[in-house]
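Encoded as structure tokens, the structure appears first; notes follow it.
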Amino acid sequence: MSRKLRNLKPKKVNRGAFEEQKQREENAAQNQRALLFILPLVMLAILAVGIFFGFKFYQNTANELTPVAPSEYNDDAALYDNPVLLKSVNSASPLKESFVPEVTESCGIEISPVAALGLEKLVSDAKDNGYDLMVVEGYVSYNDQKERYESAVREYRKKSDVSLVMAEASVKKETPPEGESEQQTGLVVYLTVKTDGKFADTTAYAWLTRHCVDYGFILRYPEKENAGGIAYSSHLFRYVGREYAYKMRALDMNFDEFIAYMAAQ
């Protein structure tokens, strides 16, 4: 072996530096794991606080916006025992021809007595705020709805030249057949104002959708998807009582979503 090779010595490893680096890496890994565990908890806490204060804000706002004093308009507690109050009417859950609700005349239309006072106060207060709401329609009987639906199908076929099945499928989205229309409950009203444009674009509509819950009404077919398959309508409002109307507003649920929510309780 040459002298040069004999003079080579093994290179010493700095074990202290190695251990320090290893410890730093382990500490960094532990900190990262702790962060991944804590971060979701912090986010959930922030979300919970946001929901809590958001709901409180809504309650305070709703109280400030309510134009009807409790002494002037209160729901009849008995109306909440009405089995039709939270009944969704559609092809899967139709009303029979024999179903004929009790109705009374109010604002020029026929409507369920439990909804009459709320409707009258709604129209009166809207007028006081500068909005002349027109109550176009209320209760529609089984036979009247049948005639309306069949007429709509005939007209659609004339204009579109399509099969009966296709015409019925299209018409049902806006004009359901007899037994599948919620106007047969006597709890739905058709509201509008005189306008050259769309009712949904008017300040009257903005006021109405903001305050309707104060009188026990909700927009029946909003722009969310509806279980009954009915298209969005800015005109149809359904009476559910102030308690349920406020709950739907607070939970940001449409009628069908709220029914499912209540059934799950």
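The values are calculated or read from the model by the stated rules, or taken from the named source; none is laboratory data. This structure is a prediction, so every number in the text was calculated from the model and none was measured. Ideal geometry is used to build each Cβ from the backbone, glycine not excepted, and the neighbour counts take in all protein chains shown. Note: accessible area is taken over every heavy atom of the protein model, side chains too, but ligands, DNA and RNA are not part of it. Shrake-Rupley method; radii C 1.70, N 1.55, O 1.52, S 1.80 Å.
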For segment 162-230, I need the span (max minus min coordinate) of the C-alpha atoms along each principal axis, in Å, sorted largest to smallest. 41, 29, 21
With the cut-off at 24 Å, tell me which of the pairs Lys87/Lys172; Lys127/Lys172; Lys96/Lys194; Lys172/Lys198 have Cα atoms farther apart than that. Lys127/Lys172; Lys96/Lys194
Spacing of the two label points (7 Å from each Cα toward its C-beta) at Glu223 and Leu251, in nm: 2.3
With a 1.4 Å probe and every protein chain left in place, work out the accessible area per residue of segment 88-211 in Å², rounded to a whole number. 55
When Lys and Arg each count +1 and Asp and Glu each count -1, what net charge do the other residues less than 10 Å away from Ser91, Cβ to Cβ, add up to? 0
Determine the relative contact order of segment 172-265: mean sequence separation of Cα pairs under 8 Å and six or more apart, normalised by residue count, in whole percent. 28
Could you run the Karplus curve 6.51 cos²θ - 1.76 cosθ + 1.60 with θ = phi - 60° over segment 252-263 and give me ³J(HN,Hα) per residue in whole Hz, x for Gly and Pro? 6, 10, 7, 4, 5, 5, 5, 4, 5, 5, 5, 5
